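The block underneath contains the structure these notes are about, expressed in structure tokens.
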Amino acid sequence: MGYSGAVRQTRWLDEEEQRTWRSFLAAIQLLADRLDRELQCDAGMPHGYYEILVRLSEAPDRRMRMSDLAERSLSSRSRLSHAIARLEQMGWVRREECPSDRRGAFAVLTDEGFGVLEKAAHGHVEGVRSHLFDQLTKQQVAQLRGISEALVSHLSGERDD
């Protein structure tokens, strides 16, 4: 059954597509797991927290509406809310009410959180470089970017919160 309820014929993957799919899936899972373990070991935070801190550090005044932060960090609003609560407990982020919208809130990166991010960034960037970019040629990097941008373009409109 397709999404519309109509009966559809399954377009099975051929052998080459199956090998490519499994290789792609293994690569992204192994890379994400490795980078997450390294951040946990080196900085005491999961990759999801690091991504939140990075997004806030790049925002004007290191602050962003929670809804925008959820969208940009590819997180559901409820997952982001739980992460922000934990980051608040650690003193790395604080919430501020939105004066123009009582339901809205801002997440703000604290000076302490920015310092933690600065320390974590060096090891994380080195991990990304050694586990991804050092393994590829310049041409493969360009191909990976093109492939990734095509997938993001296709999938970004289909996210459910």
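A short reminder: the numbers here are calculations on the coordinates, not readings from a lab. Keep in mind it's a predicted model, so treat the numbers as computed, not measured. Note: ideal-geometry Cβ built from the backbone for every residue, glycine included; neighbour counts use all protein chains shown.
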- segment 125-146 residues that are under 22 Å from residue 50 (Cα atoms), paired with ones that are exposed (fewer than 12 other Cβ atoms within 10 Å of the Cβ) (beta carbon under 9 Å, 6 or more apart): 131/30
- Query: What single numbered condition from (1) closer than 24 Å to residue 42 by Cα; (2) assigned to a strand (DSSP E or B) fails to hold for residue 75?
  - Reply: (2)
- Query: Any idea how many residues of segment 125-140 are in a helix (DSSP H, G or I), out of contact with any Asp or Glu (no Cβ under 8 Å at 6 or more places or on another chain) and under 18 Å from residue 32 (Cβ atoms)?
  - Reply: 9
- Query: So which residues in segment 131-156 are among the polar types (S, T, N, Q), over 20 Å from residue 26 (Cβ atoms) and within 16 Å of the chain's Cα centre (by Cα), if there are any at all?
  - Reply: 153, 156
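Condition check ((1) assigned to a helix (DSSP H, G or I); (2) closer than 25 Å to residue 34 by Cβ) across all residues:
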{"residue": "55", "(1), (2)": "yes, yes"}
{"residue": "67", "(1), (2)": "yes, no"}
{"residue": "81", "(1), (2)": "yes, no"}
{"residue": "86", "(1), (2)": "yes, yes"}
{"residue": "102", "(1), (2)": "no, no"}
{"residue": "105", "(1), (2)": "no, no"}
{"residue": "118", "(1), (2)": "yes, yes"}
{"residue": "143", "(1), (2)": "yes, yes"}
{"residue": "148", "(1), (2)": "yes, yes"}
- Message: I'd like to verify a number: residues in segment 102-161 that are among the aromatic types (Phe, Trp, Tyr) and within 29 Å of residue 86 (Cα to Cα), how many?
- Response: 2
- From the residues in segment 14-38 that are acidic (Asp, Glu) and closer than 30 Å to residue 117 by Cβ, which one is surrounded by the most Cβ atoms within 10 Å (Cβ to Cβ)? 38
- Taking the condition surrounded by 12 or more Cβ atoms within 10 Å (Cβ to Cβ) and either closer than 16 Å to residue 56 by Cβ or in contact with a His (Cβ under 9 Å, 6 or more places away or on another chain) (or both), does residue 123 pass? no
- Task: Taking the residues in segment 55-86 that are among the aliphatic types (A, V, I, L, M) and surrounded by fewer than 17 Cβ atoms within 10 Å (Cβ to Cβ) as candidates, determine which candidate is farthest from residue 119 (Cα to Cα).
- Result: 74
